[in-house]
1. If we scan the stretch 103-113, do we find a residue that is closer than 17 Å to residue 1 by Cβ and in a loop (DSSP other than H, G, I, E, B)?
2. For the stretch 138-150, which residues satisfy the criterion of being assigned to a helix (DSSP H, G or I), open to solvent by less than 40 Å² (accessible area, probe 1.4 Å) and not charged (D, E, K, R)?
3. Could you check, for the stretch 83-104, whether at least one of its residues is open to solvent by 10 Å² or more (accessible area, probe 1.4 Å), of a type in the set (S, T, N, Q) and closer than 27 Å to residue 194 by Cβ?
4. Take residue 190 and decide whether it is aromatic (Phe, Trp, Tyr) and at pLDDT 95 or above.
5. State all residues of the stretch 28-68 that are charged (D, E, K, R) and at pLDDT 90 or above; if no residue qualifies, say none.
6. Run down 158, 176 and say which single residue is buried (at least 24 other Cβ atoms within 10 Å of the Cβ), touching a helix residue (DSSP H, G or I) at 6+ places or on another chain (Cβ under 8 Å) and in contact (Cβ under 8 Å) with a residue 12 or more places away in the chain.
7. Given the structure, is residue 23 surrounded by fewer than 15 Cβ atoms within 10 Å (Cβ to Cβ), assigned to a helix (DSSP H, G or I) and hydrophobic (A, V, I, L, M, F, W, C)?
8. Going by the conditions given, is residue 97 under 20 Å from residue 73 (Cβ atoms) and not in a helix (DSSP H, G or I)?
Amino acid sequence: GTVVHINAGIAGLIAAIVVGPRVGFGKENMAPHNLTFTIIGACLLWVGWFGFNAGSNLEANGLTAQAMLNTITATAAAALAWSAGERLLRGHASALGAASGAVAGLVAITPAAGLAGTMGAIILGAVAGLVCLWAVISLKPMFKYDDSLDVFGVHGIGGIVGALGTAIVASPALNGFGLGGADYSIGAQFTKQAAAVGIA
């Protein structure tokens, strides 16, 4: 999650800054031209992500099942959280928002897929959905960069939330599967995760 998503997000942000905004950015509606294809793409991505997260265990066992369950629940929680946040902030939820939230959930749960308990995955997904919503509707206009596919807002920010959140949801005290049992330290692991995020 750190290597792929944070690097992709930062690369997308730098590319958007270097290339500059599209003509009409901030003045014209630039929503996707085919929302049906957008939803189909998000659904295909979600299904394919099972191979990414559950398949990373390289065998079929309980850990694989947990990674698959976490991939389902975190993604659903992120889509619902994004939709609820959008309704509160804009007065209505949108299908595009739900799809963006789902991708944010997929990104965030990736580093924690085999380490989080189910409830931790749901909470991590919901937090990622709300933080990524903020990045897309508040952070982007604040700095006026034209990230047309919200690569930084969803992948970059979602990757950071997922990497840092893994230290929390992996704790055995919170029904996670982090190594160390009773000796697991959220603070120590969080410091390692934060260093990895900073390096990336």
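1. Yes, there is a match, as at least one residue in the stretch 103-113 is closer than 17 Å to residue 1 by Cβ and in a loop (DSSP other than H, G, I, E, B).
2. Across the stretch 138-150, the qualifying residue is only 139.
3. Yes, the stretch 83-104 contains a residue that is open to solvent by 10 Å² or more (accessible area, probe 1.4 Å), of a type in the set (S, T, N, Q) and closer than 27 Å to residue 194 by Cβ.
4. Answer is yes for this residue.
5. The one that is charged (D, E, K, R) and at pLDDT 90 or above: 59.
6. Only one candidate passes the filter, namely 158.
7. no
8. No: the conditions fail for residue 97.
The values are calculated or read from the model by the stated rules, or taken from the named source; none is laboratory data. Just so it is clear, the model here is predicted, and its values are computed rather than measured. Positions of Cβ are generated from backbone atoms using ideal geometry, with glycine treated the same way; all protein chains shown enter the neighbour counts. Calculation scope for accessible area: heavy atoms of the full protein, side chains included, ligands and nucleic acids excluded. Shrake-Rupley method; radii C 1.70, N 1.55, O 1.52, S 1.80 Å.
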